[in-house]
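Read-outs: derived from the displayed coordinates by stated rules, not from any lab. The shown structure was predicted, so the numbers you read here are calculated from the model rather than taken from an experiment. Heads up, the Cβs are rebuilt from the backbone with ideal geometry, glycines too, and the neighbour counts pull from every protein chain shown.
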Amino acid sequence: MSEVVYPPVISAVKVMFKVLDLKIRVEGSDNVPREGGAVLASNHIGYLDFIFAGFGAHPSKRLVRFMAKQEVFAHRIGGPLMRGMKHIPVDRDAGIQSYRDALTALKSGEVVGIFPEATISTSFTVKDVKSGATRLAMSAGVPLIPVAVWGTHRLWTKGRPRNLTRRHTPITILVGEPLHPTRKDNMDVVNAELRARMTALVDKAQREYPDKPAAGEDPWWVPAHLGGTAPQPKATPAA
């Protein structure tokens, strides 16, 4: 597949990383296969997560095609870039087509990135995950790889002002061991295991994170269970 847009975008992003002196730690990138289809399932804490989750696959020389809501593709600047990088639009009124496009990409050997929580978690913990990532991996017969990003929310997240000039921010990207679901597996069981692995990775990233809020600083970016002021996770409704 010819790549005209994606490589220059990666180069520009790397320049941004260097200018901002971001302290990026990537662990487990060898869990991303160097060839063949795979689903990357990442937690979602900020608007730049797709950049960093995708960066976790870069050591394996893979370009990740992220599924993103249709509105992003309608943006006059972002839209052409997203289409040029062959990301996959998700139209919630035509979800079947989005699923088919992702399945086609996987079967043709692409790596597809998904945020199975569907929206940004303002508690900075892993919410309930939708079954789309699991269903795609099972249908395509490809690995399902849990990913955790941490620190990205300090640059830009929901309900907070952007701080895209913030320097020296530590960013953690953890790529977990893949699951290998098949069509014979119970999707709910696989999905629960995916969430458990994502949660474990996020917990590891949080507890090993090198930065702590300074004295007198609002620890808004730290989850409540670690002493921060991020909102408590919403309780899961009873069945």
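One table, with the values for the structure above:
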| quantity | calculated |
| --- | --- |
| 3J(HN,Hα) from dihedral phi, region 105-115, Karplus parametrisation 6.51/-1.76/1.60, rounded to Hz, x for glycine, proline | 4, 5, 5, 8, x, 8, 9, 10, x, 9, 9 |
| Per residue convex hull volume, Cα atoms of the chain, in Å³ | 132 |
| From phi via Karplus (6.51, -1.76, 1.60), per-residue ³J(HN,Hα) for region 196-208 in Hz, x at Gly/Pro | 4, 6, 4, 4, 5, 5, 4, 4, 4, 4, 5, 6, 9 |
| Efficiency of FRET between H75 and V19 - r from beta-carbon atoms, R0 22 angstrom, step 0.05 | 0.40 |
| All lysines inside 24 Å of K130 as judged from Cα atoms, apart from same-chain residues fewer than 8 positions distant | K69, K86, K107, K158, K184, K204, K234 |
| 5 angstrom amide H check on G113, placed H, neighbours 5+ away | L40, R65, F66, M67 |
| Those chymotrypsin sites (Phe, Trp or Tyr not before Pro) in region 113-216 that DSSP places in a loop and that have at most 16 other beta carbons within 10 Å | W156 |
| Spacing of the two label points (7 Å from each Cα toward its C-beta) at D93 and S108, in nm | 2.6 |
| Relative packing of 85-97, 26-38, 128-140, which averages over residues the other C-beta atoms within 10 Å, highest first | 128-140, 26-38, 85-97 |
